[in-house]
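Working notes, structure below.
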Amino acid sequence: MNSLIEIAVAEIKQLAVVEPKQASKKFELMANTMSDAQLVEVIENIDIVTLTQINSQHDISFPSIISELMTPEKIRDIVCQQPLYWEEKIKNNADELKQHTFDFLTYLIRTQESEEKQAEILECIAEDPAGLFYLSIPFIELYRGEVIEDEDEIHDLLHEEEEDLEEAISYTERNINEEVHGLGYDDPRSLLALIRQLTPAVEQSIKSLVRNENSGWEHIINKFATELVMQAKEKNQATDEYAEVDDMFSFLD
């Protein structure tokens with residue numbers, strides 16, 4: 001790592017500790033004077049915790065150069081770590097969590113330049129069990145068939161029998177296919193249609209995961225959220241041989 005890259009990495013890390021949003025802005029400024037290859041090298045030398053902090057705090061209504069240059073593997077790792085940064089109001093509210101995960105996935109996937117990279121990202125995320133949980137959350141309500149929007153009318157369909165659930169799922173799928181071209185980026189059905197178009201196998205995995213659950217959509221979202229946080233903590237555990245000793249004296253911090 002040459003001195004220019006080393007300095008850039010140090011600046012980003014230092015800013016991220018104090019204010020992740022400023023770290024994101026600093027990276028955008030670096031893009032004016034550094035090549036894409038250099039920026040990629042900077043990203044590769046930033047730890048996943050810092051990258052997760054930066055992307056979690058980025059204004060997702062605007063594209064991010066850092067998200068465009070990250071590899072699918074980096075994006076997968078960020079998705080799997082992001083639950084550790086959920087605010088309590090998000091973590092404990094199914095509607096908030098559904099919207100938050102949809103917004104974050106839209107930011108990471110829709111900003112990519114090519115459909116090929118979008119597909120690579122989706123496949124990479126879905127390969128990880130935690131990633132698949134995350135991918136599923138914005139679409140659980142759709143697949144359960146409990147709230148279906150059709151011509152501005154909301155039909156409340158509470159199904160108890162598997163036969164009724166099959167019918168609801170079929171109706172939902174037809175609805176998505178018929179209206180996909182008229183949906184905006186702010187509609188979860190638009191992202192689901194993109195997943196179905198680019199990576200049918202990933203869409204099938206999401207569907208299978210959701211259909212293996214027998215509860216209502218809110219309960220499933222809460223269950224998936226709990227699982228995501230647990231898996232994120234497991235992946236983030238220290239492997240240092242002195243970690244247990246450090247924990248013994250954590251009360252002194």
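The values are calculated or read from the model by the stated rules, or taken from the named source; none is laboratory data. Since the structure is predicted, the reported quantities are computational estimates derived from the model, not experimental observations. Here the Cβ positions follow ideal geometry from the backbone for every residue, glycine too, while neighbour counts run over all protein chains shown. All accessible areas refer to the heavy atoms of the entire protein, side chains included, with ligands and DNA or RNA removed. Shrake-Rupley method; radii C 1.70, N 1.55, O 1.52, S 1.80 Å.
Details
- Residues of the stretch 92-149 that are of a type in the set (Phe, Trp, Tyr) and open to solvent by less than 30 Å² (accessible area, probe 1.4 Å): Phe102, Phe104, Tyr107, Tyr134, Phe139, Tyr143.
- The listed residues are Glu19, Glu96, and the only one of them that is within 29 Å of Ser190 (Cα to Cα) and of a type in the set (Asp, Glu) turns out to be Glu96.
- Taking first residues from the stretch 111-122 that are without any contact (Cβ under 8 Å) to a residue 40 or more places away in the chain and more than 11 Å from Thr71 (Cα to Cα) and partners that are part of a loop (DSSP other than H, G, I, E, B) and open to solvent by 20 Å² or more (accessible area, probe 1.4 Å), no Cβ contact under 9 Å between residues at least 6 apart in sequence or on separate chains turns up.
- Selection of helices (runs of 4 or more DSSP H) fully inside the stretch 121-238 by the criterion of at least 2 residues being modelled with pLDDT of 65 or more returns 129-136, 140-144, 188-198, 200-211, 217-235.
- Residues that are in a loop (DSSP other than H, G, I, E, B), of a type in the set (Val, Ile, Thr) and surrounded by 15 or more Cβ atoms within 10 Å (Cβ to Cβ), drawn from the stretch 17-68: Ile46, Ile60
- Complete set of residues in the stretch 69-118 that are over 16 Å from Val202 (Cβ atoms) and outside any helix (DSSP H, G or I): Met70, Thr71, Trp86, Glu87, Asn92, Asn93, Thr111, Glu113, Ser114
- Extreme residue, least open to solvent (accessible area, probe 1.4 Å), among residues of the stretch 74-91 that are among the hydrophobic types (A, V, I, L, M, F, W, C) and free of Cβ contacts under 8 Å to residues at least 40 places away in the same chain: Ile78
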